[in-house]
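**Q** Following this message is one structure expressed as structure tokens.
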Amino acid sequence: MLTDKVPEIDIAQSLKTAYEKRADYKNALLALENSTMELELYQNHALPSLTAEVSVSSMGQRRDIPDAYGETSSAEYPALEAKLRMTYPLYDLEQKTNERDARFKVEKAKLQLEKYKRVVRDDVVAKHEHIKTYHELYRKAQEARRQSEIYYNRLLANLRRGRFTAAVVKNGLDAMVATRQRELEALVVYNIALLQFDIAKNELFEKYRIDVNKYIPK
């Protein structure tokens, strides 16, 4: 179903929707998150580590085994042992190399994210401009069709009065048919622009309730 209506578009909200749903931007955002976590992991390897260990034991002093087990289970003679161990990497070449590479990945991911942010923004803004442009072209084609119909009707009326020949009226008819065709083409192109705007926001399937999985071979 073709429409000639101009929708109300909030470009800021459209950009927000595109950032939330566009796969290219979401993938770039996920890549930055993963590279950031990788950098934090290698940075943690360069930090000192402290390990605490506590052990509690009990023993019996009697010679008879049953009595000794009783003393052990009742913890009459407890023993407590605590240990602390601290390690600090002084010069781990592999860790430094991994951290350097991870930091490079983070910077690269940031640049990629900015790139796709611009790509999404430019795409949405451009498609919005297309809607306005193609609707204006359709409006002009519509007006041209109206004027050609008025002109043809005048030619037809004058033909009946004998003022024009059939050939002149035929040319007016051809011109009117051509303007109708151009109007229809302009309307189709305008509706395509509306669909492309939905595609730019990745809302086409959701808007028209299309289940993509039905069309994917299993």
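The values are calculated or read from the model by the stated rules, or taken from the named source; none is laboratory data. Since the model is a prediction, treat every value here as computed from it, not as a measurement. Ideal geometry is used to build each Cβ from the backbone, glycine not excepted, and the neighbour counts take in all protein chains shown. Ligands, DNA and RNA are excluded from the accessible area calculation, which covers all protein heavy atoms including side chains. Shrake-Rupley method; radii C 1.70, N 1.55, O 1.52, S 1.80 Å.
**Q** Just to confirm, what accessible area per residue do you get for the range 125-218 at 1.4 Å probe, in whole Å²?
**A** Per-residue value: 70 Å².
**Q** Okay, next question. Between residue 133 and residue 199, what is the FRET efficiency for a Förster distance of 22 Å, r being their Cβ-Cβ separation, to the nearest 0.05?
**A** Efficiency at R0 = 22 Å is approximately 0.80.
**Q** Length gain on complete extension for the stretch residue 177 to residue 9, per 0.36 nm per residue less the alpha carbon to alpha carbon distance?
**A** Difference between extended and current length: 57.1 nm.
**Q** Also: Label-point separation (nm) for residue 17 and residue 104, each offset 7 Å from Cα along Cα-to-Cβ?
**A** Simple spin-label model gives 4.2 nm for this pair.
**Q** Between residue 96 and residue 114, what is the label-point separation in nm under the 7 Å Cα-to-beta-carbon projection?
**A** Rounded to a tenth, the inter-label distance reads 2.9 nm.
**Q** Output the direction-averaged projected area (hull surface divided by four) of the convex hull of the alpha-carbon atoms of the range 86-218, in nm².
**A** For the range 86-218, averaging the hull's shadow over all directions gives 17.1 nm².
**Q** Additional query: Can you send over the carbon and sulfur percentage of the accessible area for the range 99-218, probe radius 1.4 Å, protein chains only?
**A** Using a 1.4 Å probe with all protein chains present, the range 99-218 comes out at 55 percent carbon and sulfur.
**Q** Oh, and also: If each residue of separation counts as 0.36 nm, what is the full-extension length gain between residue 160 and residue 192 once their alpha-carbon separation is subtracted?
**A** Fully extending the segment from residue 160 to residue 192 adds 7.3 nm.
**Q** Using a 10 Å cut-off on Cβ atoms, rank the peptides 195-201, 39-45, 155-161, 14-20 from the highest mean neighbour count down.
**A** 195-201, 14-20, 39-45, 155-161
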